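So the structure is just underneath, and the comments pick up after that.
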Amino acid sequence: MPPAHTGAPVIPGASTPSFPPTPAQDSAAQGPAPQGREPGRPGYRRMSLALFAAGLATFALLYSTQALLPAISAGFGVTAGQASWTVSAATGALALFVLPLSALSERFGRTRMMTWSMVVAVGVGLLVPFAPNLEWLVALRAVQGAAIAGIPASAMAYLAEEVEPKALVGAIGLFVAGNSVGGMSGRLVTGWGAQLGGWRVGLLSVGLVALVCAAAFVVLLPRARFFRPASLKPRAVGRTVAGHLRDPLLLRLYGIGALFMTVFGAVYTVIGYRLVDEPFSLGQGVIGSIFLVYLVGTASSAAAGQLVARTGRRGALYLAVTTTALGLLLSLSDSLVAIVLGLVLITAGFFAGHAVASAAVSRTARTGRAQASALYQSAYYFGSSAGGTLGALAYHSAGWAATVGIALIAVLGVVSITLYGSRVARAERSPLGRAAAAR
């Protein structure tokens, strides 16, 4: 997930939970009907720990090569743009597979999908350190990203079905926390592992951490009690997806998510190259520790709801892009302190904007919310792939200023979309707009 943290739940493939079960289910049951899980009831803690472990493992794996790109470039003798494909291939494959895997989880079950996704992702993760060349490394990372797509495609749906509605936000919060901690810790583990024994040791270290988390997930996760298999109906899914892609507001939100992630992908894919070069010459472990600023994003996404309540959705987006742009400009300095402060502002602005946009998708979609959220995730991770690749190419051609230029163009895109949305909203509130809507 992105780097891996979100401010609002994204529930690909979720079906509507039933609490209590339907009469047919109740009559078929022996004894009292099962209740949804919540704090204090059996299995809730095991479920929460299992999904925290899943989130940590998968997002540690997803961005495991990002902090190691300078070392990978040196090891294979390739450019920053070529090495960046080890990140872009994983996030791009996730973007491609999250929607189809969300549909498969409706037929074959959430727990089965999550388990097999974990097994494949971790298994590939243990092979990645032994890739003989860049081509093999990129191919293995693409397979890994496709496997990881089965986790967000199923975990949120599992929680929506198994947890009492009043406890759902807390349960989802723990899973999202696992995403955020995984995205951060994966970079830390690989960075310090690489400093001690090279980039292959760094990747093997995060693979072993993910293996332990996967084992904990399999042991702890309670069986699903409310899942009911649904038949796969590609035409129905296709009609729903087509309807979302014709919705102007959803398209704007998808664009905002993709552009915000373009900024984030460009900055965090390339920042390691800048810090390993003169005048900083930092080691891989120190560079990996830079990702501790992710904790700022955790706080800013949590505060996004209050921000929207005070300023409105578009006001919150304007504040998020302004914060991000200021961080980008500050990062142009040759002062390490200024660069770190710039990363703090970029991270805070990105996570706040992402939280606002992803929450708006769930509110906007009247039907097919699962597919609407999956489409947002696809756009989001395509943005990550595009930002990482374009940012690295720009850095290789003209340095950090060029990478910042790519990111600022994406920021201007968010501003343009938001301004257009404000103009549309004003038109709809006008007397002529209300009359047209009434007709």
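Given the structure, is Val241 open to solvent by 40 Å² or more (accessible area, probe 1.4 Å) and more than 16 Å from the chain's Cα centre (by Cα)?
Against the criterion (open to solvent by 40 Å² or more (accessible area, probe 1.4 Å) and more than 16 Å from the chain's Cα centre (by Cα)), Val241 does not qualify.
Among the numbered criteria (1) touching a Pro at 6+ places or on another chain (Cβ under 6 Å); (2) surrounded by fewer than 19 Cβ atoms within 10 Å (Cβ to Cβ), which one does Ser335 miss?
Against the list (1) touching a Pro at 6+ places or on another chain (Cβ under 6 Å); (2) surrounded by fewer than 19 Cβ atoms within 10 Å (Cβ to Cβ), Ser335 comes up short only on (1).
Would you be able to say whether some residue in region 306-319 is open to solvent by less than 50 Å² (accessible area, probe 1.4 Å), closer than 22 Å to Gly183 by Cα and assigned to a helix (DSSP H, G or I)?
No, region 306-319 contains no residue that is open to solvent by less than 50 Å² (accessible area, probe 1.4 Å), closer than 22 Å to Gly183 by Cα and assigned to a helix (DSSP H, G or I).
Would you say Arg223 is basic (Lys, Arg) and within 30 Å of Leu51 (Cα to Cα)?
Yes; evaluated as a whole, the condition is true for this residue.
Since Arg141 meets every condition but one in (1) part of a helix (DSSP H, G or I); (2) open to solvent by 10 Å² or more (accessible area, probe 1.4 Å); (3) at pLDDT 75 or above, which condition does it not meet?
(2)
Could you please let me know if Ser333 is among the hydroxyl-bearing types (Ser, Thr, Tyr) and outside any helix (DSSP H, G or I)?
So Ser333 fits the description; yes.
Could you tell me which of the residues Ala103, Ala74, Ala155 is open to solvent by 10 Å² or more (accessible area, probe 1.4 Å), in contact with a Leu (Cβ under 7 Å, 6 or more places away or on another chain) and part of a helix (DSSP H, G or I)?
On the way: Ala74 fails: in contact with a Leu (Cβ under 7 Å, 6 or more places away or on another chain); Ala155 fails: open to solvent by 10 Å² or more (accessible area, probe 1.4 Å).
Exactly one of Ala103, Ala74, Ala155 is open to solvent by 10 Å² or more (accessible area, probe 1.4 Å), in contact with a Leu (Cβ under 7 Å, 6 or more places away or on another chain) and part of a helix (DSSP H, G or I), namely Ala103.
Which of the residues that make up region 322-354 are over 14 Å from Ile271 (Cβ atoms), touching a Ser or Thr at 6+ places or on another chain (Cβ under 9 Å) and among the hydrophobic types (A, V, I, L, M, F, W, C)?
Once the filter is applied, which keeps residues that are over 14 Å from Ile271 (Cβ atoms), touching a Ser or Thr at 6+ places or on another chain (Cβ under 9 Å) and among the hydrophobic types (A, V, I, L, M, F, W, C), region 322-354 yields Ala348, Phe351, Ala352.
The values are calculated or read from the model by the stated rules, or taken from the named source; none is laboratory data. Note that this is a predicted model, so its numbers are computed, not measured. For neighbour counting, all protein chains shown are included, and Cβ atoms are generated from backbone atoms with ideal geometry for every residue, glycine included. Remember, those area values only see protein heavy atoms, side chains included, never the ligands or the DNA or RNA. Shrake-Rupley method; radii C 1.70, N 1.55, O 1.52, S 1.80 Å.
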